[in-house]
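The next block holds one structure in the form of structure tokens; read it before the comments.
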Ligand SMILES: [Fe+2]
């Protein structure tokens, strides 16, 4: 038999869900030709929400004297407002980063296109602010990396109409090679400079070296998220609110036991959630708690034991995770089994990194697992109103964004769950 045919047959035999789907092969890491720019030219521009009606603009220049200024306005080429920000840099062994600028701008109008320029020069860019109320659409893709499949995923996301990108960890797969953070920053700029990218950390962000380097130095310097704005003391966990949705980004790689800073912050954050203002409650972290793939099996158990009772009592609607390079959607679950007051868990670590897909599954499929498939792709979550949201997963099938899984999700606000769990939530929040 021809090798390609043998491979195809093998892939079909190992397929667990969609027997008619031929899984594509991994793609190589992209090569980025040397593209010299003036040292003060703003590169790797990305934006993130930074508190009510504010946006953080982040970029890097080789020139250390370049100003952290952003000029912006609602008409092309006319910047009637400017803001001054802060800057940082880091050293990593022999690598020295460029000047990393973070400038918060606002207050901004909702659902409005802004034109902006970083550092007083370079290209004019534009972004759209999210709406103030429903509907709002989130694009979701984790474990991105920088391969041909990453490019395919980003191209598909670019075709969809969305307001905010959510990334549950593992961004660049730089894996200690710091210049790969720079190539990743330039790869995602066309999307990340136009819509806020809200990210949380994965294991590939850690890059610690025993006795030499603490973890997350590059990630924290480059991908500053609104942790200060949300009362957190760490960039590894924070929250934000947008158009009736409260979103909590947790850290799978920060301490999470009940005496940890993260747990204390989470309790404090949940105590401020008002489901009349934000009917939807979403949580993201990297290592999935409900995963029937053999890859990373059981890795999330400790964090789940520590935090699931609190998230359950708080009536979280949806949990999005990554880490496993495949897609899986799970029923509303709690304590290891389906539960109508638990969260819908979705693993979406299939952005396209170089490590390839995780295609070995536990059998029989657990009762809580609804749909699982090892393919690259992305998700879209359209929250239509306070009670209904439409989730769809789009695999990168032959470079076409095929809608492969879809479901309407009803919020817990429209159920008895919040009233039912109110006493338990208060008990956990009040505990010392
Ligand atoms: Fe990971």
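The values are calculated or read from the model by the stated rules, or taken from the named source; none is laboratory data. Please read all numbers here as calculations on a predicted model, not as lab measurements. Here Cβ is always computed from backbone atoms with ideal geometry, including for glycine, and neighbour counts include all displayed protein chains.
Here the range 90-115 is the region considered, the condition is being closer than 18 Å to residue 186 by Cβ and in contact with a strand residue (DSSP E or B) (Cβ under 6 Å, 6 or more places away or on another chain), and the residue that is surrounded by the most Cβ atoms within 10 Å (Cβ to Cβ) is 101. Residues considered: 418, 383, 407. Of these, the only one that is in contact (Cβ under 8 Å) with a residue 24 or more places away in the chain, within 20 Å of the chain's Cα centre (by Cα) and assigned by TED's automatic domain parsing to the domain that holds residue 272 is 383. Which of the residues spanning the range 320-364 are surrounded by 20 or more Cβ atoms within 10 Å (Cβ to Cβ), farther than 15 Å from residue 393 by Cβ and under 19 Å from the mean Cα position of the chain (by Cα)? Listed by number, the residues that qualify are 323, 343, 353.
Of the residues that make up the range 162-170, is at least one over 26 Å from residue 54 (Cα atoms) and within 16 Å of the ligand (Cβ to nearest atom)? Scanning the range 162-170 turns up no residue that is over 26 Å from residue 54 (Cα atoms) and within 16 Å of the ligand (Cβ to nearest atom).
For the range 53-73, the set of residues classified as within 11 Å of residue 108 (Cα to Cα) and in contact with a strand residue (DSSP E or B) (Cβ under 8 Å, 6 or more places away or on another chain) consists of 54, 55, 72, 73, listed by residue number. Remark: residue 351 matches the filter, which requires a residue to be over 17 Å from residue 294 (Cα atoms), in contact (Cβ under 8 Å) with a residue 60 or more places away in the chain and within 15 Å of the ligand (Cβ to nearest atom). Here are some conditions: (1) at pLDDT below 90; (2) surrounded by 20 or more Cβ atoms within 10 Å (Cβ to Cβ); (3) assigned to a strand (DSSP E or B). Residue 403 meets all but one. Which one does it not meet? Every listed condition holds for residue 403 apart from (2). Taking the listed residues 319, 333, the one that is farther than 18 Å from residue 246 by Cα, in a strand (DSSP E or B) and free of Cβ contacts under 8 Å to residues at least 60 places away in the same chain is 333, with no other qualifying. Taking the conditions (1) in contact with a helix residue (DSSP H, G or I) (Cβ under 9 Å, 6 or more places away or on another chain); (2) under 24 Å from residue 137 (Cβ atoms) in turn, residue 167 satisfies each one other than (1). Evaluate the range 175-187: report whether one residue or more is assigned by TED's automatic domain parsing to the domain that holds residue 389, assigned to a helix (DSSP H, G or I), at pLDDT 95 or above and in contact with a helix residue (DSSP H, G or I) (Cβ under 6 Å, 6 or more places away or on another chain). Scanning the range 175-187 turns up at least one residue that is assigned by TED's automatic domain parsing to the domain that holds residue 389, assigned to a helix (DSSP H, G or I), at pLDDT 95 or above and in contact with a helix residue (DSSP H, G or I) (Cβ under 6 Å, 6 or more places away or on another chain).
Among the candidates 192, 174, 141, which residue alone is within 15 Å of the ligand (Cβ to nearest atom) and within 16 Å of residue 60 (Cβ to Cβ)? Result: 174 is the single residue among 192, 174, 141 that is within 15 Å of the ligand (Cβ to nearest atom) and within 16 Å of residue 60 (Cβ to Cβ). Residues of the range 195-215 that are within 16 Å of the ligand (Cβ to nearest atom) and within 18 Å of the chain's Cα centre (by Cα): 199, 200, 201, 202, 203, 204, 205, 206. Residues of the range 286-299 that are more than 11 Å from the ligand (Cβ to nearest atom) and in a loop (DSSP other than H, G, I, E, B): 289, 290, 291, 292, 294, 297, 298.
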